[in-house]
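Q: Can you read through this structure? Questions will come right after.
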């Protein structure tokens, strides 16, 4: 498919934030955020301050100083309330907690996609075995998904439709709102892995009808290898979720407050507190890894200060540049759609030279400081290019010059 290159994004001034990312000095062009994002100076400085305060034992109330500000930043980014946000270790930890908490329907089924990320597909598989549920898999059509194929598989026995909002292999962004409408009509929950979406382009969980979501910080949220992540649970759904076990901090704070409660002599530790009505119902239930939460807060605050709308325009302008350069050379853009509002920040291309040649090219480019990945699954694959706010059109030109040299 050829695209009309005249766009509202053409000529958009790219964000000028390269100096905030010292790691860029290691590379000729870093175009691999879908594998691992880079950390801004702001986040490393926040971590230093955290360690300094910890060393001096200067924290007064971690919940107020770290946890609540982090929830506010995340809620602002995805369009929800603070109480609908909690934390996880990257994506899989949060996703597992969500899956273990949903209630299956008798003789029910789960609907997923064939290009799912393996960690998520394995989680869905084990959940279906635990619940004795059928798995129904929507098949891609040349790297894209048709809403009609979801409509055929979702029925009254479906209790969860689970998918990555952006496909990790080729960057296809699923029609989330349309899927949610079909699922909700049949009484099913919509559970999303948003790791390749949140922080790169705008996502409003309320407008899209997402019931629950897990997101790791290591990619588009610029938290690299730190291990941070968050979960979102719609307030209307929290009551329905039933975690297999809950510990103290999964419950509501006592009326007298935690400080007073701990000192009460006649409390019975076997009498549970009131059930939580917030997303904390699904968190660890005890002490939290506050250093991870602080790192995530700082990076999300950095993104919010730029503004997700500006980030989205920047990243889509880069994607347009990638498509333009790929088509100029006769390469195939996998799973791309003409509607720019459905563009993610991932673009995967096939040069037509085959797997071995393209893999060799990717390896050689990486050795020379041009960072991209090769990804494939379910019959499709190619060179995956994933720029973010620290990239510009020069990086794209460097990449395609290298591809021409290697292929």
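Q: I want to verify a result. In a Gaussian network model of the chain, Cα cutoff 10 Å, which of these has the top mean-square fluctuation: 105, 18, 48?
A: So, out of 105, 18, 48, the one fluctuating most is 48.
Q: What do the square roots of 5 times the Cα gyration tensor eigenvalues come to for the chain, in whole Å, largest first, as semi-axes of the equivalent ellipsoid?
A: Values: eigenvalues 282, 153, 56 Å².
In descending order the semi-axes read 38, 28, 17 Å.
Q: What order, most packed first, do the peptides 85-92, 273-280, 361-368 have when packing is the mean number of other Cβ atoms within 10 Å of each residue? Walk me through the numbers on the way to the answer.
A: Details: 85-92: 23.2, 273-280: 17.6, 361-368: 16.0.
Most protected by this proxy first, the peptides run 85-92, 273-280, 361-368.
Q: Testing the spin-label approximation: label points 7 Å from Cα along Cα→Cβ at residue 261 and residue 49. State their distance in nm.
A: If labels sit at residue 261 and residue 49, their model points lie 3.0 nm apart.
Q: Evaluate the relative contact order of the chain (contact order divided by residue number), counting alpha-carbon pairs under 8 angstrom at least 6 apart; express in whole percent. Could you put the intermediate results ahead of the total?
A: Details: 789 pairs, mean separation 102.2, N = 407.
Across the chain, relative contact order equals 25 percent.
Q: Percent antiparallel among DSSP beta bridges with both residues in the chain, to the nearest 5? Write out the running numbers ahead of the final one.
A: Values: 24 of 44 bridges.
For the chain, the DSSP antiparallel bridge percentage is about 55.
Q: With each label point set 7 Å from Cα along the Cα-Cβ vector, what nm distance links residue 407 and residue 62?
A: In this crude label model, residue 407 to residue 62 measures out at 5.0 nm.
Q: I need 256, 325, 178 ordered by Cβ neighbour count within 10 Å, fewest first.
A: Values: 256 11, 325 20, 178 15.
Sorted ascending by nearby Cβ count, the order is 256, 178, 325.
Q: For the stretch 118-252, divide the Cα radius of gyration by the Kirkwood radius and give the resulting Rg/Rh value with two decimals. Don't jump to the answer; show the numbers that get you there.
A: Working: Rg = 15.4 Å, Rh = 16.1 Å.
Here Rg/Rh amounts to 0.96.
Q: Can you put 126, 43 in order of Cβ neighbours within 10 angstrom, beginning with the fewest? Walk me through the numbers before you get to the answer.
A: Values: 126 13, 43 27.
Least crowded to most crowded, the residues run 126, 43.
Q: First check a/c for the stretch 102-183, with a ≥ b ≥ c the square roots of the eigenvalues of its C-alpha gyration tensor; if it is under 1.5, answer rounded, and if not, answer prolate when a/b is larger than b/c or oblate otherwise.
A: On the way: a/c = 2.12, a/b = 1.36, b/c = 1.56.
Oblate shape, in that a/c is at least 1.5 and b/c is the bigger or equal ratio.
Q: 7 Å from Cα along Cα→Cβ at both residue 341 and residue 393: what's the point-to-point distance in nm?
A: For the pair residue 341/residue 393, the computed spacing is 2.6 nm.
Q: Further question: Please compute P(r) over all alpha-carbon pairs of the stretch 170-250, binned at 5 Å starting from zero, and give each bin as a whole-number percent.
A: So the P(r) values, bin by bin, are 3, 12, 21, 22, 18, 14, 8, 2, 0.
Q: Now a separate question. How much length is gained if the chain between residue 236 and residue 148 is pulled fully straight, taking 0.36 nm per residue apart and subtracting their Cα-Cα distance, in nm to one decimal?
A: Details: separation 88, 0.36 × 88 = 31.68 nm, distance 2.72 nm.
Additional length available on full extension: 29.0 nm.
Q: Can you put 189, 127 in order, fewest other beta carbons within 10 Å first? Walk me through the numbers on the way to the answer.
A: Working: 189 23, 127 20.
Starting with the residue having the fewest Cβ neighbours, the order is 127, 189.
Q: Moving on to the next point. Can you tell me the 0 to 90 degree angle between the C-alpha axis of helix 176-185 and the longest principal axis of the chain, rounded to 10?
A: So the inclination is approximately 50 degrees.
Q: I've got another one for you. Classify the stretch 1-135 from the C-alpha gyration tensor, please: rounded if a/c falls under 1.5, else prolate or oblate depending on whether a/b exceeds b/c.
A: On the way: a/c = 2.16, a/b = 1.19, b/c = 1.81.
Cα axes put the stretch 1-135 in the oblate bin.
Q: Assuming 0.36 nm per residue, please report the length gained on full extension of the stretch residue 181 to residue 26 beyond their Cα-Cα distance.
A: 51.2 nm
Q: Can you give the angle from 0 to 90° between the axis of helix 118-131 and the longest principal axis of the chain, with both taken from C-alpha atoms, to the nearest 10?
A: Tilt relative to the chain: about 40 degrees.
Q: Turning to a different aspect of this structure: Please give the helix 68-78 orientation as an angle from the longest Cα principal axis of the chain, in degrees from 0 to 90, rounded to the nearest 10.
A: In the chain, helix 68-78 runs at an angle near 40 degrees to the longest axis.
Q: Which stretch or stretches of the stretch 316-333 have amide N atoms under 18 Å from the point lying 7 Å from residue 35's Cα along the Cα→Cβ direction?
A: none
Taken together, the values in this text are just the output of simple stated rules run on the coordinates, not laboratory data. From a predicted model like this one, the values you see are computed outputs, not experimental measurements. Cβ coordinates were reconstructed from backbone atoms using ideal geometry, including for glycine residues, and neighbour counts include every protein chain displayed.
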